[in-house]
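Student: Okay, handing you the structure first.
The values are calculated or read from the model by the stated rules, or taken from the named source; none is laboratory data. Just so it is clear, the model here is predicted, and its values are computed rather than measured. Quick reminder, even Gly has a Cβ in these numbers, built from the backbone with ideal geometry, and neighbours come from all protein chains shown.
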Amino acid sequence: MDTMTTRPRRPSLFRLLPALLAAALVAAPAFAQPAPAAPAASASAPDATATGPLGQLAWFAGCWGNKVVDREYREQWLPARGGMMLGVSQTVTQGRTLSYEFLRLEARPDGVYYVAAPSGQKEAAFRLQGKTMDEADEIYTFTATVPGFPERILYRRGSGGWMYAHVEGKVNGEEKRNIFPMRRQDCTTGEPLAQ
């Protein structure tokens, strides 16, 4: 006597898959459909309507850079979000990274701080002292919270889409200053943007 029983054959999952997918698409709620793309914001005109302590620095948002001799440096900032702006900078020469920094501007209870972590070193914080004017240029000065170089970081908002980052302080009793002139540029190509 044959002890094996014959079971009815079940349809293969591969045969059912098209029907299951079709049913899922029909039953999918309207919110599952992709939303239409929002119009692209102008890369040359970041949102300057940011409010709160970081509102005065909203113009940082975007990409900045320049090439001097064989060194190309870039700085990129995200718009303010959650009480903070995040940035990164990189200096490259002959296809090799010389230095980089992770940056942030953050609102704290006692003011706005510029925090830099250069090339994997310990981060340093600089408190915003305020804005001054030099003719039409706006100058934002951040001072170090602990002794050492740099003592000050300045950002000068110049005309024609230029920004100048100053790194200043004393080294062995002598004043030292590095200035990085940067122009607003396309984040992908690095081409200067019309202002």
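Student: What strands (runs of 3 or more DSSP E), lying completely within segment 105-195, carry at least 1 residues that are touching a His at 6+ places or on another chain (Cβ under 9 Å) and modelled with pLDDT of 90 or more? So that I can check it myself, show each step before the final result.
Tutor: Numbers: elements: 111-118, 124-134, 137-144, 152-157, 162-171, 174-185.
The strands (runs of 3 or more DSSP E) meeting that bar are 137-144, 152-157, 174-185.
Student: For residues that are charged (D, E, K, R) and either within 17 Å of the chain's Cα centre (by Cα) or loosely packed, with under 12 Cβ neighbours inside 10 Å (or both), scanning just segment 124-147, find the one that is farthest from Y164 (Cα to Cα).
Tutor: E135
Student: Also, quick follow-up: Just to verify a result, which residue in segment 55-76, among those that are outside any strand (DSSP E or B) and in contact (Cβ under 8 Å) with a residue 60 or more places away in the chain, is farthest from Y113 (Cα to Cα)?
Tutor: Per the criteria, the residue is W59.
Student: Still on this structure, I have one more. Picking from T93, T97, T188, which residue would you name as being touching a residue at least 12 places away in the same chain (Cβ under 8 Å), within 15 Å of G65 (Cα to Cα) and surrounded by fewer than 16 Cβ atoms within 10 Å (Cβ to Cβ)?
Tutor: T93
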